[in-house]
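Trainee: Okay, handing you the structure first.
The values are calculated or read from the model by the stated rules, or taken from the named source; none is laboratory data. Source: prediction; values computed, not measured. Using ideal geometry, Cβ is built from the backbone for each residue, glycine included, and neighbour counts are taken over all protein chains shown. Surface accessibility is based on the protein's heavy atoms, side chains included, excluding ligands, DNA and RNA. Shrake-Rupley method; radii C 1.70, N 1.55, O 1.52, S 1.80 Å.
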Amino acid sequence: MSKGWLEAFSDGVMAIVITILVLSIEVPKGDSLRDLGNVGQSLFIYLISFTIVAIYWHNHHHFFHLIKNIDGGVLWMNSLFLFSLTLFPFATSWVSQNLFSLYPSVLYGVVILLADIVFLGLMFSTKKCNAISLEYKKTLISIFFSVLALILGIVIELFLIILVNVLMLLLWVVPSKKIEKYIYSKEKN
């Protein structure tokens, strides 16, 4: 199977997820700044979710520059990864309507954790059918912080689920230098 097909399919699913995210934002009831402020909570959660999905999209794109081969395991892990991303619109909508409620906040954190775990699984399955060396450090740190966010949020304050995950995004904003170097050297040749 062509790696290009898998990348195109994944790009399409991620683009649809981002589109559904924006469609779930409630339009203000009026035309004033106060009316806009009433949907500020939804906009805030949308921005976080958009950033998370965009970071996954960028990292997925960079990651697939490293590989040449895909097999059934990679296809299934990629499908599970895309499945985890398709849960973001639902979780985003629910938590934006109930920001300080237990179950919506926990679900939001679990969706982030699930995406992190499945991305790690995608990395493992890809390494099996490609002779490449991968760094798992950032992904493992991300999983640790996702779990920490859930624990702190449940034990101390629910908003910590979102806050810790937002801080974790800083880890992912800058792509891996190793991948960037590889892509740059590949494009030069």
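Trainee: Return the FRET efficiency for the residue pair ILE132, LEU169: r is the Cβ-Cβ distance, R0 is 30 Å, and the value is rounded to the nearest 0.05.
Mentor: On the way: r = 26 Å, r/R0 = 0.86.
It comes out at approximately 0.70.
Trainee: Can you run phi through the Karplus equation (6.51, -1.76, 1.60; θ = phi - 60°) for segment 17-27 and list ³J(HN,Hα) in whole Hz, with x for Gly and Pro?
Mentor: 4, 5, 5, 5, 4, 5, 5, 7, 6, 6, 6
Trainee: Given the convex hull of the Cα atoms of segment 19-131, what is a quarter of its surface area in nm²?
Mentor: On the way: hull surface 30.7 nm².
The number I arrive at for segment 19-131 is 7.7 nm².
Trainee: How far, in nm, would the chain grow between TYR103 and ASN69 when pulled straight, counting 0.36 nm per residue and subtracting the alpha carbon separation?
Mentor: 8.2 nm
Trainee: Another question, then. If I take every Cα pair under 8 Å that is 6 or more residues apart in the chain, average their sequence separation and divide by the length, what percent do I get for the relative contact order?
Mentor: That works out to 23 percent.
Trainee: If exposed GluC sites (Glu not before Pro) are those in a DSSP loop with at most 12 other Cβ within 10 Å, what is the longest stretch of the chain that has none?
Mentor: With a cap of 12 other Cβ atoms within 10 Å, the longest stretch comes to 1-134.
Trainee: Can you pull out the trypsin sites (Lys or Arg not before Pro) in segment 1-53 whose DSSP state is coil and whose Cβ has at most 12 other Cβ atoms within 10 Å?
Mentor: LYS29
Trainee: Return the calculated 222 nm mean residue ellipticity for the chain, to the nearest 500 deg cm²/dmol, obtained by summing -39500 (n - 2.57) across DSSP H runs with n ≥ 4 and dividing by the residue count.
Mentor: -27000 deg cm²/dmol
Trainee: Check which residues have an amide H placed less than 5 Å from ASN98's amide H, if you skip close sequence neighbours.
Mentor: none
Trainee: With unit charges on the beta carbons (Lys and Arg positive, Asp and Glu negative) and the dipole taken about the Cα centre of segment 1-97, which residue among GLY37, SER2, VAL17 sits farthest to the positive side?
Mentor: SER2
Trainee: At HIS58 and LEU140, where each label point lies 7 Å from the Cα along Cα→Cβ, what is the point-to-point distance in nanometres?
Mentor: Result: 2.4 nm between the two label points.
Trainee: Quick check: residue separation of ARG34 and SER79 times 0.36 nm, minus the Cα distance between them. What number comes out in nm?
Mentor: Residue separation times 0.36 nm, minus the Cα-Cα distance, leaves 12.0 nm.
Trainee: Note down, for segment 1-69, the three equivalent ellipsoid semi-axes (square root of 5 times each alpha carbon gyration tensor eigenvalue), biggest first, whole angstrom.
Mentor: Details: eigenvalues 245, 26, 6 Å².
After scaling each eigenvalue by five and taking roots: 35, 11, 6 Å.
Trainee: Can you put ILE151, ILE156, ILE55, ILE141 in order of accessible area, largest first, using a 1.4 Å probe? Spell out each step's value before the answer.
Mentor: Values: ILE151 95, ILE156 115, ILE55 20, ILE141 55 Å².
Order by accessible area, largest first: ILE156, ILE151, ILE141, ILE55.
Trainee: Before anything else, pin down the relative contact order of segment 1-82: Cα pairs under 8 Å, at least 6 apart, normalised by residue count, whole percent.
Mentor: Rounded, it is 46 percent for segment 1-82.
Trainee: Let me ask you something else. Under the 0.36 nm per residue contour assumption, what length would be gained going from the current alpha-carbon distance of ALA8 and GLN41 to full extension?
Mentor: Full-extension gain reported as 8.6 nm.
Trainee: Quick one: Karplus J couplings for segment 67-79, per residue in order, coefficients 6.51, -1.76, 1.60, θ = phi - 60°, nearest Hz, x for Gly and Pro?
Mentor: 9, 10, 10, 10, 10, x, x, 5, 4, 5, 5, 5, 5
Trainee: In whole percent, what relative contact order does segment 36-125 give with Cα contacts below 8 Å and a gap of six or more residues? Let's see the in-between values first.
Mentor: Working: 51 pairs, mean separation 33.8, N = 90.
Taking the mean separation of contacting Cα pairs over the length of segment 36-125, I get 38 percent.
Trainee: Give me the one-decimal Kirkwood hydrodynamic radius in Å for the chain, with the sum taken over alpha-carbon pairs.
Mentor: In the chain this quantity evaluates to 17.6 Å.
Trainee: Here's a follow-up. Take the alpha-carbon centre of segment 117-145, take the same for segment 31-53, and report the distance between them in whole Å.
Mentor: 32 Å
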